[in-house]
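Okay, structure first, notes after.
The values are calculated or read from the model by the stated rules, or taken from the named source; none is laboratory data. Bear in mind that the values here come from a model prediction, so they are computed numbers and not experimental data. Don't worry about glycine lacking a Cβ; one is built from the backbone with ideal geometry, like all the others, and counts go over all protein chains shown.
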Amino acid sequence: MSAPARRAILILLVGLAMLAATLGALYLLRPGAPRLVEQVGPQIGGPFALTDHEGRRVTQASYPGRHLLVFFGFTHCPDVCPLALGEVSVALDALGPAAAKVQPLFVTVDPERDTPAALKDFVTAFDDRIVGLTGSAEEVEAAARAYRVYFKKVPVQGALGYTMDHSAFVYLIGPGGKLEAFFTHETKGDAMAQKIRGFVGS
């Protein structure tokens, strides 16, 4: 077989492999298949040790038997974080009594400014059931690594001095610590509640 022919066959085989991988990923991530999310990509979620907005030290074990609804953001966030927390509140209302099985957590990526008091003012403006979490820079970085969260301080002009660039997913973690589903910050609360109900029941 000539060299050009072998090259053509190799290119064809690589193309078919890439097509198969793409189709497989689309199948696993299709709407209606939230239980398959945890099988895609690296492990998301894990142990953390932080301080809640009442000043209490907490870990993932502080909420036994509950599903954790986790979002990383910061109180000076102009749009993404308020939008996400607003939809989380809508989801909790839509869940009704089943919301008692869910603990929403807002983890700051800006511990320099987000004190427990600042977090309390911020999260309770959306829903009293949301718990704000902060900690040392090292503790926040460790939690972010466990959840594969990207964040970076970005200098800006003006009184604030800087803002935070960060990924914006809401993670549903089961009582056993496994990722059950995730949502974007634009997922509507009713849709979020419908998927959560599939894991927590009524």
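Descriptive notes on the structure:
- Given (1) at pLDDT below 95; (2) not in a loop (DSSP other than H, G, I, E, B); (3) not polar (S, T, N, Q), number of the condition P78 does not satisfy: (2)
- Being in the same structural domain as K153 (by TED's automatic domain parsing) and either acidic (D, E) or modelled with pLDDT under 95 (or both) is a property that G24 lacks.
- Pairs, first touching a residue at least 24 places away in the same chain (Cβ under 8 Å) and under 23 Å from F169 (Cβ atoms) in the range 107-134, second buried (at least 23 other Cβ atoms within 10 Å of the Cβ) and acidic (D, E), C-beta under 7 Å, six or more apart: T108/D114; T134/D114
- Restricting A159, A193 to those that are more than 13 Å from the chain's Cα centre (by Cα) and without any contact (Cβ under 8 Å) to a residue 12 or more places away in the chain reduces the list to A159.
- Residues satisfying the stated conditions in the range 139-183, i.e. among the hydroxyl-bearing types (S, T, Y) and either buried (at least 17 other Cβ atoms within 10 Å of the Cβ) or touching a Ser or Thr at 6+ places or on another chain (Cβ under 9 Å) (or both): Y147, Y150, T163, Y171
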